[in-house]
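Nothing in this text is a laboratory measurement; each read-out follows from the coordinates by a stated rule. What you are looking at is a predicted structure, and each value in this text was computed from that prediction instead of being measured. Glycine gets a Cβ as well: all are built from the backbone with ideal geometry, and neighbour counts include every protein chain shown.
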Protein chains: 2
Amino acid sequence: MVAAGASAQVKPEDAIGYRQSVMNVVGHAFGPMISMAQGKIPYNKDVVVKNSNVLDTIIDLPWTSFAPGTEKGAPTKASMKIWSESEKFKEHADKVQQAAANLAKVAKTGDEKAVKTAIGELGKSCKSCHDDYRLKEARN
Amino acid sequence: MVAAGASAQVKPEDAIGYRQSVMNVVGHAFGPMISMAQGKIPYNKDVVVKNSNVLDTIIDLPWTSFAPGTEKGAPTKASMKIWSESEKFKEHADKVQQAAANLAKVAKTGDEKAVKTAIGELGKSCKSCHDDYRLKEARN
């Protein structure tokens, strides 16, 4: 993972805002693909290729912004377990990245069934981490 | 430009939040490269390749979220001229995308001088659009 030029002196509220921004973009890219996998909207290869590339390109960005000192400073759904179980959190992050890279690879083949399976696998990785490390309500 | 599965029924506040999120990620990716071009931090090819790829991949995402009906609904610095001069705004957007694509291409060569020139060109494109279409203070 290449650090994206992160500063050691970043303000906690900026780190929180940044990781929320990345997650917002991730959610917007993943949403339509989930709907396709669930058969709610038609499968569209171009959208899948584009959106899975977005995910694969930015999914590693938030992790470094969960640095010590960014536990609070603005409303956040980040569980304090992220910092007390940082190795387990990192394992989740690695799995999500692998699943996103796999989806981006499979997307290019246009094999609809394989793509939908890869979408499901990524969705499971997201959910697994959210279940453990994302609070239901934002805390301060 | 591939529409990233945008819904026609998106809420204005969600569109505003989404484009602000993308711009936040764009700013975080571009910031270190500007500092490199200005000689404030050392040139780092890995960061330039990574961050320019982030820019090139997501820079087209905000444009469709400036759809009619998303002029207001949450605090925004988006000038109303975006909607009254939508063709000119689109020209700016296209120039920014071209400059970002060029930077991502040049970044891979590792030619520091050419990279810094490409960073400067992208910076000019960003500024030109911001000067015309981004307000200094957020409005409601």
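Assorted remarks:
- Sorted from longest to shortest, the spans of the Cα atoms of chain B along the three principal axes equal 44, 31, 23 Å.
- Using the Cβ-Cβ distance between residue B:108 and residue A:45 with R0 = 25 Å, the FRET efficiency computed as 1/(1 + (r/R0)^6) comes to roughly 0.40.
- Candidates B:83, B:25, B:35 compared by Cα position along the dipole of the stretch B:11-139: farthest toward the positive end lies B:35, with charges placed on Cβ.
- Of B:38, B:98, B:20, the one that fluctuates the most in a GNM where chain B has Cα springs shorter than 10 Å: B:38
- Computed E for residue B:134/residue A:94 - FRET, C-beta separation, R0 45 angstrom, nearest 0.05: 0.75
- Considering only B:72, B:11, B:45, the mean-square fluctuation computed in a Gaussian network model of chain B, springs between alpha carbons under 10 angstrom, is largest for B:11.
- Under 5 Å, built H, 5+ apart or other chain: amide partners of residue B:77: B:139
- Mean separation of Cα contacts under 8 Å (6+ apart) over length of the stretch B:69-140, as relative contact order %: 55 percent
- Charge dipole magnitude, Cβ of K and R +1, D and E -1 - the stretch A:11-125, Cα centre, debye nearest 20: 260 debye
- Placing unit charges on each Cβ (+1 for Lys and Arg, -1 for Asp and Glu) gives the protein assembly as shown a dipole about its Cα centre, and among A:122, A:63, A:47 the Cα reaching farthest toward its positive end belongs to A:63.
- Note on the protein assembly as shown: with charges restricted to the Cβ of Lys and Arg (+1) and Asp and Glu (-1), its dipole about the Cα centre is near 160 debye.
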